[in-house]
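Only one structure is covered here, and it is reproduced in the block below.
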Amino acid sequence: MQFTSSTRLDDGVLEREFTLGEIPGTLWTPGSWTPGSASVPLVLMAHNNGLPKADPRLVARARYTAARGYAVATIDAAGCGDRPRSAADEQVRADLRRAVRAGEPVDEIMESLVGPLVDNAVPEWRTTLDALLELPGVGGPVGYSGGWAALGIRLAVAEPRIAAAGLFAGGYVPRAQREEARQLTVPLLFLLQWDDEGNPRQRALQLFEAFGSKEKTLHANPGGHTGTPWFELEDGCRFLDRHLKQRGPSHPVAARAGS
């Protein structure tokens, strides 16, 4: 892993761009961390169906989460961000744009787009995870948080180092990952925009029911695809705190829960 830039942001968070072979990524770490400090938990964060790592919504979530005491990392999947696309990728995306403009069904096109994206992205994410956990100050447990639910499902099933997952229901989830959802057993927080124009509500509810996790929570809010309330980010960090940060029995919440 080679770091190509380092910027200390206004909130004290350190933002570092890196490359790992052909994989470009960004790592945010809390301003409170210094060499010699204890390792902080790691959160892998991806945006909906491979949108670029520089997307402002992802960056805002990453910075907020890092400021809460986490290392947060994201990468661009093959064919996303500045990474080159194949002719086949370009054709599928053109077919999708044409179908959307014409008001035609897009499920099969989304299958042919998102399915290969997930298949190609998961090995790269696991390679990146290996490299990140070798860095000083970055440790487990590891969580996943992001709008790319299909990737999160596959990673949480395939990668035993992931201890908790927060998923947004707005991204298309291929049939393969809908089946894999039954194998997902880590604690889960699932965010649903009730009026999401691009994601049928019933499909999202069926996916939530399919998850095999014994601890799973659904937060539903009114509004469209990009209308997730900001307070859900705070709630998401509390979810991560419960599962990725050590809580002793003397912690007041733990004491009340056990009384």
(request) May I ask you to verify whether THR74 is surrounded by fewer than 16 Cβ atoms within 10 Å (Cβ to Cβ), of a type in the set (S, T, N, Q) and touching a residue at least 24 places away in the same chain (Cβ under 8 Å)? (result) no
(request) Go through (1) outside any loop (DSSP other than H, G, I, E, B); (2) over 26 Å from GLU17 (Cβ atoms) and name the single condition GLU124 misses. (result) (2)
(message) Among the residues in the range 65-77, are any closer than 27 Å to LEU184 by Cβ, in a helix (DSSP H, G or I) and of a type in the set (Phe, Trp, Tyr)?
(response) no
(request) Name every residue in the range 1-17 that is more than 13 Å from PRO30 (Cβ to Cβ) and either assigned to a strand (DSSP E or B) or under 21 Å from the mean Cα position of the chain (by Cα) (or both), in order of residue number. (result) MET1, GLN2, PHE3, THR4, SER5, SER6, THR7, GLU17
(request) Quickly run through the range 124-133 and pick out the residues that are touching a residue at least 60 places away in the same chain (Cβ under 8 Å) and either touching a Phe, Trp or Tyr at 6+ places or on another chain (Cβ under 7 Å) or not hydroxyl-bearing (Ser, Thr, Tyr) (or both). (result) GLU124, TRP125, LEU129, ALA131, LEU132, LEU133
(request) Could you please find all residues in the range 18-56 being over 20 Å from LEU240 (Cβ atoms) and either at pLDDT 95 or above or not in a loop (DSSP other than H, G, I, E, B) (or both)? (result) PHE18, THR19, LEU20, ILE23, PRO24, ASN49, GLY50, PRO56
(request) Name the strands (runs of 3 or more DSSP E) wholly inside the range 132-247 in which the number of residues that are modelled with pLDDT of 95 or more and loosely packed, with under 15 Cβ neighbours inside 10 Å is 1 or more. (result) 216-221
(request) Out of the residues in the range 58-112 that are polar (S, T, N, Q) and over 21 Å from PRO123 (Cα atoms), state the one that is modelled with the lowest pLDDT. (result) GLN91
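The values are calculated or read from the model by the stated rules, or taken from the named source; none is laboratory data. Everything numeric in this text was worked out from a predicted model, so none of it was measured. No Cβ is skipped: glycine too gets one built from the backbone with ideal geometry, and neighbour counts run over all protein chains shown.
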